[in-house]
Amino acid sequence: MGEKTTSGVTERDTRARVARLVLEHGPITASALGDRVGLTPAAIRRHLDALLAEGMIEIRRARPQTRRGRGRPAKWFAITDAGRSAFVHAYDDLASSALRFLAEKAGERAVSEFARRQIADLERRYLPVVRDAPPHQRVRKLAEALSGDGYAAAAAKGPRPGGGEQLCQHHCPVAHVAAEFPQLCEAETEAFSRLLGTPVQRLATIAHGDGICTTHVSPRSLTRGDGDEDGDPAAAGERSGADPSAPTGAAGDASNGDTSDEESGRTPI
């Protein structure tokens, strides 16, 4: 099982890669996995059988509307809770240790800067998607972009008429680390505010034990009157000179000491 191939990659390495693909893209079929990894049908089945035996993945039958022909329904492979935990704990332990070291050597401010740097790439990738959408569709477009990165996000109307919208994330890849370092959640919330061009506020987070991460997005009508009638995020960034990796951004600079959390769009600590 641990023997190396001619390329130096072991069976265990390949199996870990298959499991990772199931985690990131599942539910997924064996043929799709084989195409991604470059394995023959027999080889991919061998790895899938081993992962099934280890309890890392499970089989899900295709929904009736996805079946084709009269043959047996396709098997879709999905990660199990045990499989997800195996990845989560390995990466979380390393990330948490690294951030503790950074905090000890350079202080909490350095952790906040690191969090903003990490979220900057995501923000740059999402900006064209959100900016090019009509204002009333921007939260939904942001949710779709987040889902593409594994956050399982959705947009919904606020609980009250005229009460804005809610951005819900049903999965958080860094939840365990963010429980110890809330700067990660804060940086993400600030980025959402800049992308959407309106104040936002975190109402719940998976990192704090809630079922989903819920972000309230203020109605754009509350932010108009500053020359940006559509609440354009790009225009807002130009006015403020916002830099995704800078210590502060359009989400609100609390240096004057009189800006509330809800107005600034930052997560209360």
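The values are calculated or read from the model by the stated rules, or taken from the named source; none is laboratory data. Since the structure is predicted, the reported quantities are computational estimates derived from the model, not experimental observations. All Cβ positions, even for glycine, are placed from backbone atoms using ideal geometry, and neighbour counts span all protein chains on display. SASA here: full protein model, heavy atoms, side chains in, ligands and nucleic acids out. Shrake-Rupley method; radii C 1.70, N 1.55, O 1.52, S 1.80 Å.
Here are some notes:
- Taking first residues from region 37-55 that are at positive phi and partners that are open to solvent by less than 80 Å² (accessible area, probe 1.4 Å) and not charged (D, E, K, R), the Cβ contacts under 9 Å between residues at least 6 apart in sequence or on separate chains come to 55/80; 55/82; 55/83.
- Tallying residues that are out of contact with any helix residue (DSSP H, G or I) (no Cβ under 8 Å at 6 or more places or on another chain) and among the basic types (Lys, Arg) within region 118-144 yields 2.
- Applying the condition of being open to solvent by 10 Å² or more (accessible area, probe 1.4 Å), more than 25 Å from residue 25 (Cα to Cα) and not small (Gly, Ala, Ser) to region 192-207 and asking which residue is nearest to the chain's Cα centre (by Cα) yields 202.
- Count - residues of region 153-191 that are open to solvent by 60 Å² or more (accessible area, probe 1.4 Å), outside any loop (DSSP other than H, G, I, E, B) and over 28 Å from residue 81 (Cβ atoms): 1
- For beta carbons closer than 6 Å, sequence separation of 6+ or different chains, a first residue in region 72-88 that is among the small types (Gly, Ala, Ser) and a second that is modelled with pLDDT of 80 or more and not in a helix (DSSP H, G or I), the qualifying pairs are 74/29; 78/27; 78/58; 78/60; 82/55; 83/56; 83/57.
- Selected residue (criterion: modelled with the lowest pLDDT) from residues of region 124-151 that are small (Gly, Ala, Ser) and loosely packed, with under 15 Cβ neighbours inside 10 Å: 150
Okay, residues lined up against (1) modelled with pLDDT of 95 or more; (2) out of contact with any helix residue (DSSP H, G or I) (no Cβ under 9 Å at 6 or more places or on another chain); (3) under 16 Å from residue 178 (Cβ atoms):
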{"site": "76", "(1), (2), (3)": "no, no, no"}
{"site": "101", "(1), (2), (3)": "yes, yes, no"}
{"site": "104", "(1), (2), (3)": "yes, yes, no"}
{"site": "110", "(1), (2), (3)": "yes, no, no"}
{"site": "116", "(1), (2), (3)": "yes, no, yes"}
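- If the condition is being in a helix (DSSP H, G or I) and out of contact with any helix residue (DSSP H, G or I) (no Cβ under 6 Å at 6 or more places or on another chain), then region 195-218 contributes only 208.
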